[in-house]
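Asker: Quick one: the structure is below, and I'll ask about it shortly.
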Amino acid sequence: MQESFTPTIPQSSQWSITWNRVASDRRWTFLLIAMGVFSSIIYPHPPFVAFGAIAGTTFKPRRAILVALLIWLMNQVYGYTVRQYPWSADSLLWGLILGLGTLIVTALALLRPKFSQKTMKGHCLWLGAIALVGFAAFQSLILSVDWLLTGSHTLTWAIARGILVNTTVWTIALTLVYLVFVRFTTRSHQPIV
């Protein structure tokens, strides 16, 4: 008698399945972009670190980069049209630096270590850690470019603390919105008995 061979497929954790489902959900993509655009209306300089961190931790690489770039691009369009940013080389350079910083944070978030892929708690821990690391990387980029352009820097501890508080609040808020979306998506995909 010949035995049939059935390959054993490793079981993914429930979180991994849920994460993949949400990462592919266009509604989450549009919701995050809409929140990014809304943040540009509220602030002249929206929390790009928070959006880069949430995009990098909740999407697969291609979509994460696309979403982060769209949020940055919409901020630039809004800034140069409605807010009437000056059309100068200096202003355009700073806009590009903000875009680069957003991409750096998103790329760091995409590293997603194993612990962040197994449980929601690990995911949230990675999101918080990458928001802090991303904040440091983003502000270091800003300080470096400022130093290269002016030979000094104008970022004081009071300003940095304000930006950190803003980034933290937005990261927490975006995480909560994401978790509510995850809960909604999980409930809508449960089988009917």
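Asker: When the dipole is taken about the Cα centre of the chain, and only Lys, Arg (+1) and Asp, Glu (-1) are charged at their Cβ, what size is it in debye, to the nearest 20?
Answerer: In total the dipole reaches around 560 debye.
Asker: Also, I was wondering about something else. Running a GNM on the chain with Cα contacts under 10 Å, which residue among GLY52, GLY79, GLY36 ends up with the highest mean-square fluctuation?
Answerer: Of GLY52, GLY79, GLY36, the Gaussian network model singles out GLY79 as fluctuating most.
Asker: Given (i) 36; (ii) 8; (iii) 23, which label gives percent of Cα pairs over 32 Å apart as computed from the coordinates?
Answerer: Among (i) 36; (ii) 8; (iii) 23, the one derived from this structure is (iii).
Asker: Local charge sum around THR185 (other residues, Cβ-Cβ under 10 Å, Lys/Arg +1, Asp/Glu -1)?
Answerer: Once positives and negatives cancel, what remains is +3.
Asker: Apply the Karplus parameterisation 6.51 cos²θ - 1.76 cosθ + 1.60, with θ equal to phi minus 60°, to every residue of region 161-168 and state each ³J(HN,Hα) to the nearest whole Hz, in sequence, with x for glycine and proline.
Answerer: Rounded to whole hertz, the list is 5, x, 5, 5, 4, 4, 4, 5.
Asker: Restricting to Cα pairs below 8 Å that are 6+ residues apart, what does the relative contact order work out to for the chain? Please round to a whole percent.
Answerer: 26
Asker: With θ taken as phi - 60° and the coefficients 6.51, -1.76 and 1.60, list the Karplus ³J(HN,Hα) couplings across region 136-141 in order, rounded to whole Hz; mark glycine and proline as x.
Answerer: Once θ is set to phi - 60°, the couplings for region 136-141 become 4, 5, 4, 5, 5, 4 Hz.
Asker: Once phi is turned into θ = phi - 60°, what whole-Hz ³J(HN,Hα) does the Karplus curve with 6.51, -1.76 and 1.60 give for every residue of region 96-112, x standing for Gly and Pro?
Answerer: Once rounded to whole Hz, the list reads 5, 5, 4, x, 4, x, 4, 5, 4, 4, 4, 5, 4, 5, 5, 4, 5.
Since every read-out is calculated from the coordinates, none of them should be taken as a lab result. This is a predicted model, so every value here is computed, not measured. Note: ideal-geometry Cβ built from the backbone for every residue, glycine included; neighbour counts use all protein chains shown.
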